[in-house]
Amino acid sequence: MTTRRRFLGIAAVAAGLALLPGGLRAAGVPVRTWRGVALGADSVLQLAHPDPAEADRLIALCLEEVARLERVFSLYRTDSALARLNRDGVLDAPPADLVRLLSEAAAFSRRTDGAFDPTVQPLWQLYAGHFARPGADPAGPPEAVLRAARELVDHRKLRVEPGRVAFAGRGMAVTLNGIAQGYVTDRVSERLRAEGMTDVLVDLGEIRALGHHPSGRPWSVGLADPLVEGRNADRLEIADRAVATSGGYGTPFDPAGRFTHLFDPATGGCAREWLAVTVLAPDATTADALSTALSVAPEARAAVLLDRFPGTAARLTRRDGSVLALRA
């Protein structure tokens, strides 16, 4: 008799996280594979299941959920709810998922004293535009231009209500890139749990483990070494936990890698405190948002912020390669 104690691994191209070799295949159980693009990254879905048709159905459910949420959160799709909000400055009758995630983002902003701030999109636009120009000043955008962009960043000026989302200032814009992958990972995990999946590892840029590997051991997740491409710096054993890594090395704007997609909302500058920050948390949304927030926090402040989130821990890699381990 086939039980519903199955397992899924969704392996995506992600900065800092990787499923360790051999972690997806259960002995004697066939693995179905899908390859494509999800959340703007090349992705692979692998599902070990004794029934190939059921495996395909479950993969289709995952893809359906990802596609649905991309239509809400994507910055790359001009028809997404988020893109329309950024374009018009207001969105009436917003999708429930947008209201929910923006509300959660606002809560993380308050609890981290603004270290996490979803309104940093004007900074992305500034740095991306600056370094895309031929002969761009390697020192970065002019101070006056940076100051003007920084004035558009303020999570307190984002108004979120069930029937309406709006900015209090002209020119503001939101990015959910520091939290949406975790949120989507959580939603896919919940969808699979509703289908009776008890031992699940979902990796869509951030990782969430439900239960254990079918062998009974925890799931094994490798942490990429930010200093040596292709090498793992550490391994985590997780069960009923989530893990996310943020590192500026994943998306540099300039050839030297001094300017990246991780911004300090307080200064408008790019985060340079850590090479990489990994957070373990009860859910992927929290892990994603906290890894983003801690990326701009100096050592003493990082410990204070982490203490505000029960059940979390962090691994912060300094620029010399040494590691600070924090447990809340």
*When residues of the range 259-293 are filtered for being under 15 Å from Gly182 (Cα atoms), assigned to a strand (DSSP E or B) and touching a residue at least 60 places away in the same chain (Cβ under 8 Å), how many remain?*
1
*How many residues, within the range 255-279, are under 14 Å from Ala293 (Cβ atoms), open to solvent by less than 60 Å² (accessible area, probe 1.4 Å) and either not small (Gly, Ala, Ser) or not assigned by the TED database to the domain that holds Leu316 (or both)?*
8
*For the range 214-225, does any single residue satisfy the condition of being outside the structural domain of Val66 (by the TED database), within 19 Å of the chain's Cα centre (by Cα) and modelled with pLDDT of 95 or more?*
no
*asked:* With the requirement that a residue be closer than 15 Å to Leu45 by Cα and over 18 Å from the mean Cα position of the chain (by Cα), what does the range 195-210 give you?
replied: Val200
*So which of Pro282, Pro252 ends up being out of contact with any Pro (no Cβ under 8 Å at 6 or more places or on another chain), closer than 30 Å to Val29 by Cβ, open to solvent by 10 Å² or more (accessible area, probe 1.4 Å) and not assigned by the TED database to the domain that holds Asp117?*
Pro282
*Pairs only if they're at least six apart or on different chains, beta carbon under 8 angstrom, first in the range 81-99 and over 14 Å from Glu70 (Cα atoms), second buried (at least 20 other Cβ atoms within 10 Å of the Cβ) and polar (S, T, N, Q); list them, first residue then second.*
Asn86/Gln121
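The values are calculated or read from the model by the stated rules, or taken from the named source; none is laboratory data. Just so we're clear, the structure is a prediction, and the values are computed from it rather than from any experiment. Here the Cβ is made from the backbone with ideal geometry for all residues, glycine too, and neighbour counts use every protein chain on show. What goes into the accessible areas is simple: the full protein's heavy atoms, side chains included, and nothing from ligands, DNA or RNA. Shrake-Rupley method; radii C 1.70, N 1.55, O 1.52, S 1.80 Å.
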